[in-house]
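Below is one structure, written out as structure tokens, with a few remarks after it.
The numbers here are math on the coordinates, done by the rules we state, and not lab data. Please read these numbers as outputs of a predicted model, since none were measured by experiment. Note that we place each Cβ from the backbone using ideal geometry, even for glycine, and neighbour counts take in every protein chain shown.
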Amino acid sequence: MFFENRMEGFRKFFSFAEEFQRAGYSVSVTLEATGHYFLNLYSFLRGHGIDVTVVNPIQTDSFRNVFIRKTKSDRRDSFVIAELARLGRARKSNVADTGSIISNLKMLIRFRADYVSKASDIKKKLSSLVDRVFPEFLDVFNGFNTKTSLMILRNYPTPRKLLEEDREMLYTLVKNWSKGRIKRETVDRLISLAEDSIGSPIDIDAIEVEIPFIIEEIFFLEKKVEEIEEKIEELSKGIVSKII
């Protein structure tokens with residue numbers, strides 16, 4: 001018997017289970033933790049008072065390999081799960097209940113790691129472009145982990161753009177971006193390196209467009225990471241309050 005993975009199918013399945021309950025049987029359901037696909041049905045059944053056991057795919061794979069010659073299909077998978085339940089060998093996996101702070105924290109931490117990874121990948125792309133047009137930039141700034149270095153590149157992505165700027169204006173902008181931490185001497189050194197850069201002019205027009213766009217994306221991702229971290233901190237305080 002098949003049930004559609006929609007509310008109509010869930011209700012049909014629950015009605016099927018209710019028939020057994022009315023006949024005096026105790027009903028429990030065993031699901032395999034396959035990606036995220038089991039979660040909707042799990043939540044629905046738990047919400048309707050059905051006992052649900054979720055088994056790890058490692059367990060079903062082990063059982064299948066021993067008893068069914070490593071064959072795999074939807075029908076055989078259902079048989080394996082049913083046999084585990086019938087024999088009392090289905091070991092429950094941990095599934096968080098609705099509102100679990102720990103579960104939400106885990107998901108947000110994974111989400112944060114994904115955004116941090118994206119930002120890291122984009123910075124690698126930025127590094128390759130800077131190496132092409134202004135490799136000496138990294139003699140002054142050690143990477144792209146400061147807002148000042150990124151702001152300079154966003155506004156002056158190539159030596160020629162940097163050299164077009166009025167020096168006094170450049171001093172003022174860099175002072176503001178760095179909150180006074182970067183002095184005139186550093187700006188003078190950057191200008192000197194730009195004047196004698198070995199950067200290639202090939203595709204420079206396109207790169208002068210691309211670098212600022214990349215940096216805007218980095219700013220966006222880093223802002224989102226901050227927002228996620230704020231939510232993580234907020235949820236963490238909920239755990240601490242419960243402990244206290």
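Within a 10 angstrom radius of the beta carbon, how do R167, R154 rank from fewest other beta carbons to most?
Working: R167 12, R154 18.
Neighbour counts put them in this order, fewest first: R167, R154.
Comparing G180, G199, G35, which has the greatest mean-square fluctuation in the GNM of the chain with Cα pairs linked when under 10 Å apart?
Between G180, G199, G35, it is G35 that shows the largest mean-square fluctuation.
Which FRET efficiency, nearest 0.05, do E8 and K124 yield, Cβ-Cβ r, R0 45 Å? Walk me through the numbers before you get to the answer.
Numbers: r = 47 Å, r/R0 = 1.06.
Plugging the Cβ-Cβ distance into 1/(1 + (r/R0)^6) gives 0.40.
Using each residue's phi in the range 209-223, evaluate 6.51 cos²θ - 1.76 cosθ + 1.60 at θ = phi - 60° and report the 3J(HN,Hα) Karplus result to the nearest Hz, with x for Gly and Pro.
After applying 6.51 cos²θ - 1.76 cosθ + 1.60, I find 8, 5, 4, x, 5, 4, 5, 4, 5, 4, 4, 4, 5, 5, 5 Hz.
Using only Cα atoms and rounding to the nearest 10 degrees, what angle (0 to 90) does helix 101-133 make with the longest principal axis of the chain?
Once rounded, one gets 30 degrees.
For the range 1-32, which chymotrypsin sites (Phe, Trp or Tyr not before Pro) are in a loop by DSSP, counting at most 11 other Cβ atoms within 10 Å? Don't jump to the answer; show the numbers that get you there.
On the way: sites: F2, F3, F10, F13, F14, F16, F20, Y25; in loops: F2, F3, Y25.
Filter output for the range 1-32: F2, Y25.
What pairs in K106/K183; K175/K224; K124/K224; K106/K175; K123/K161; K123/K179 have C-alpha atoms more than 31 Å from each other? Let's see the in-between values first.
Values: K106/K183 43 Å; K175/K224 26 Å; K124/K224 19 Å; K106/K175 40 Å; K123/K161 21 Å; K123/K179 23 Å.
Result: K106/K183; K106/K175 exceed 31 Å.
L39 versus Y171, label points 7 Å from Cα toward the beta carbon: distance in nm?
That separation, rounded to one decimal, is 5.6 nm.
Exposure proxy check: R75, R46 ranked by fewest other beta carbons within 10 Å?
Values: R75 8, R46 15.
Fewest to most other Cβ atoms nearby, the residues stand as R75, R46.
How far is the Cα center of the range 98-153 from the Cα center of the range 181-244, in Å?
Each part reduced to its Cα centre gives a spacing of 7 Å.
Can you give me the convex hull volume of the Cα atoms of the range 101-243, divided per residue and expressed in Å³?
On the way: hull volume 16.1 nm³, N = 143.
In the range 101-243, the Cα hull volume divided by residue count equals 113 Å³.
Looking at the calculated P(r) for the chain, what percent of the C-alpha pair distances fall above 23 Å?
Distances greater than 23 Å cover 67 percent of the Cα pairs.
Using a Gaussian network model of the chain whose springs link C-alpha atoms within less than 10 Å, name the residue from L150, L87, L170 with the highest mean-square fluctuation.
L87
For Cα pairs less than 8 Å apart in space and 6+ apart in sequence, what is the mean separation divided by the residue count of the chain, i.e. the relative contact order in percent?
Relative contact order for the chain comes out at 19 percent.
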